[in-house]
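Scroll down for the structure; my scribbles are underneath it.
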């Protein structure tokens, strides 16, 4: 899916508010009205270089409870040295302000804003907000980065997702600097999918949990945003990359076979081999009932943080490693690196209790 070239709206003018070249400006634009008839506005921050160049949006909290990205964007805004050499950066700490105010993933009308793009001026609340966001942000930008976390009661190891059939999306995804790149166009109505179709190549980063601002995830997001901007020649400095990157074409949620209480044997980001134990299902008295194993060589992209499960509930999201990729080699590279990725894996593991499987349980 290649993006279409198109003419964008000027970034220097936002409904009468001006952002001169070489300046920064806080902008607020209306997206809806509250039950009490008050205007609901999204706050954004625009930074323009003196020299013309690409316009890039960085957004977060499209799902209102996913605020790791909010923390990352706030850090970028508060960094006075973070200024483009050319072009403009449009930073939006909270895109879905109505859901954010309710600490919710969803809008008050119970719809998912991230399934409502490009929206409609005469549709539902979600559709109308989506249309306004599309018209006011996407139409002004050449590239986009959207920051997400896992859904409630789950956590994600940092990964970038995008439609790699688009050369510009691939360039951004590889530049971001995550170990894991997941290839896919995204679901119908998703922000990044519709932005790409509208001619604005967009990637997303997934990392961490809802309702948290986690230091390692924020650092990963900030590093990734800066890497992309350096690739676009908007910032000075060397790009920071892990010692390896893998492109994941297929992922699978491994689900509980029986009800019970899980003992986890892997943590987010672990690189595992086919047949390796993932979790042991036990009774509340700790008696083993069954064990889940990895169906292929993979990386633990995400997992549940709630050990109590019923049959069919998701436990681990495994990204299948490309053919010929050796798990032991990747583990060794990360161990030798001893950098951000290893720290993030340990940090995310603090939300789950990971124990070694017993020899008896491994035979279940």
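For the reader, a short list of remarks on this structure follows.
- The base-10 log of I(q)/I(0) for region 141-182, evaluated at q = 0.24, 0.33, 0.35 Å⁻¹, reads -0.87, -1.25, -1.32 [Debye formula, identical scatterers on Cα atoms, solvent excluded].
- Computed Rg/Rh of the chain, alpha carbon atoms with Kirkwood Rh: 1.00
- With Cα atoms, 0 to 90° folded angle of helix 125-136 axis to the chain main axis: 60 degrees
- In nm, spacing of pseudo-spin labels at residue 25 and residue 50 (7 Å Cα→C-beta vector): 1.9 nm
- Take the Kirkwood radius over Cα pairs of region 67-191, plug it into Stokes-Einstein at 25 °C and 0.890 mPa s, and you get 152 µm²/s for translational diffusion.
- Each residue in 305, 282, 59 was given a count of other beta-carbon atoms within 10 angstrom of its own, and listing them fewest first yields 305, 282, 59.
- Across region 144-245, the volume of the C-alpha convex hull divided among the residues equals 103 Å³ per residue.
- Label zone (residue 356, point 7 Å along Cα-to-C-beta; backbone nitrogen cut-off 18 Å) within region 252-275: 263-267, 271-273.
- Spatial separation of Cα centroids for region 208-255 and region 137-194, in angstrom: 10 Å
- Simple spin-label estimate for residue 285 and residue 7 in nanometres, 7 Å along Cα-Cβ: 7.6 nm
- In degrees, nearest ten, helix 167-176 long axis to first principal axis of the chain (Cα): 70 degrees
- Estimated at 0.36 nm per residue, the fully extended path between residue 336 and residue 81 surpasses their Cα-Cα distance by 88.7 nm.
- Rounded tilt (10° steps) of 340-349 against the dominant C-alpha axis of the chain: 60 degrees
- Rounded FRET efficiency, nearest 0.05, which uses the C-beta distance separating residue 296 from residue 244 and R0 of 22 Å: 0.75
- Proxy reagent accessibility, fewest Cβ within 10 Å first, across 318, 85, 147, 262: 85, 262, 318, 147
- Enclosing the Cα atoms of region 20-83 in their convex hull gives a volume equal to 110 cubic angstrom per residue.
- When each of the peptides 197-209, 340-352, 28-40, 229-241 is scored by how many other beta carbons lie within 10 Å of its residues on average, the order from highest to lowest is 197-209, 340-352, 229-241, 28-40.
Each value in this text was obtained by applying a stated rule to the coordinates, not by laboratory testing. Since the structure is predicted, the reported quantities are computational estimates derived from the model, not experimental observations. Positions of Cβ are backbone-derived with ideal geometry, glycine not excepted, and every protein chain shown enters the neighbour counts.
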